[in-house]
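Asks: Take this structure first; my questions come after.
The values are calculated or read from the model by the stated rules, or taken from the named source; none is laboratory data. Just so we're clear, the structure is a prediction, and the values are computed from it rather than from any experiment. Please note: Cβ atoms are built from the backbone with ideal geometry, for glycine as well, and neighbour counts cover all protein chains shown. In case anyone asks, the SASA skips ligands and DNA or RNA and just uses the protein heavy atoms, side chains included. Shrake-Rupley method; radii C 1.70, N 1.55, O 1.52, S 1.80 Å.
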Amino acid sequence: MEKIIKTQSVFNGHIIQVDVLTVKLPLGALAQREVVHAHAAAGVLAVVDGKALFVRQWRATVGQETLEIPAGKLDAQETALAAAKRELNEETGLAAGHWQQLSHYYQSLGFSDAEMTLFAASQLHSPTHKRVQDADESVAGEWLTFAQAKSAIQQGIICDAKTLLAIQYWQQMEGERDGGN
């Protein structure tokens, strides 16, 4: 097991904090670990009549437009479920009557402590109060069949881990609904 000897904060931004850790390895040697601390996030797989809801948005990180499930970071003191409900409302103008947690995972343990909780939402309806999108966000909702989602993966438009995992859950849920056929 590694033992942390020293922690140095090298960046503290709005979304992430970066620390450089000096660690002592089990055999006594010292090594450095760069760790990105990020807010936890929640994502929503919403499926109605064989179509799932995605949002189209520009991602500067990869220099392209993507299709992703509705998702976003948790606000201070907010639960993952509350964030999922808020993000579904903000990004698509919808609410859901039923929620089920599908997964909770770390996005990339090699360098980050960022957590994601993935939910399935059903019984979609218009909310009693529609929230406005974040000022720095411009997203548009799109309903895709499973075949269209697979095509978007092949085209590289669906390319992020949370959405790829959500599609795997969607496929599994459809298989269970069809009796495993």
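Asks: In the neighborhood of residue 51, defined by Cβ-to-Cβ distances under 15 Å, what is the net charge if each Lys or Arg adds +1 and each Asp or Glu adds -1?
Replies: 0
Asks: Of 105, 41, 60, which is farthest towards the positive pole of the range 20-114's charge dipole, taken about the Cα centre with +1 and -1 on the beta-carbons of Lys, Arg and Asp, Glu respectively?
Replies: Result: 105.
Asks: Something else: Using a 1.4 angstrom probe on the protein heavy atoms only, could you order 138, 122 from most to least accessible area?
Replies: Order by accessible area, largest first: 138, 122.
Asks: What fraction of the DSSP beta bridges in the chain is antiparallel, stated in percent and rounded to the nearest 5? Each step should come with its number before you reach the end.
Replies: Numbers: 43 of 50 bridges.
Around 85 percent of the beta bridges assigned by DSSP in the chain are antiparallel ones.
Asks: Around residue 160, under 9 Å between beta carbons, what's the net of Lys plus Arg minus Asp minus Glu among the other residues?
Replies: On the way: positive: 59, 162; negative: 68.
Once positives and negatives cancel, what remains is +1.
Asks: How many angstrom lie between the C-alpha centres of the range 140-175 and the range 63-109?
Replies: One Cα centre to the other: 16 Å.
Asks: So if I restrict to the alpha-carbon atoms in the range 1-115, what is the Rg, and what is Dmax, the biggest pairwise distance, in Å?
Replies: Reported Rg and Dmax, both Å: 18.2, 58.
Asks: While we're looking at this one, here's another question. Taking amide H positions as placed 1.01 Å from N in the peptide plane, with prolines and chain starts having none, which residues 5 or more places from residue 119, or on another chain, fall under 5 Å of its amide H?
Replies: For residue 119, the qualifying residues are 43, 44, 45, 102.
Asks: Calculate the dipole size of the range 68-179 relative to its Cα centre from +1 charges on Lys and Arg beta carbons and -1 charges on Asp and Glu beta carbons; express the result in debye to the nearest 20.
Replies: 260 debye
Asks: Lysine pairs in the chain 8 or more apart or on different chains: how many have alpha carbons under 27 angstrom apart?
Replies: Close lysine pairs found across the chain: 16.
Asks: State, as an integer percentage, the relative contact order of the chain based on alpha-carbon contacts under 8 Å between residues 6 or more apart.
Replies: On the way: 345 pairs, mean separation 38.6, N = 181.
Normalised by residue count, the contact order of the chain is 21 percent.
Asks: Give or take rounding to whole Å, what are the principal axis extents of the alpha carbon atoms in the range 52-181, in descending order?
Replies: Projected onto its principal axes, the Cα set of the range 52-181 covers 42, 35, 28 Å.
Asks: What part of the accessible area of the range 76-124, given as a whole %, is carbon or sulfur when the probe is 1.4 angstrom?
Replies: After summing per-atom areas, the C and S share lands at 49 percent.
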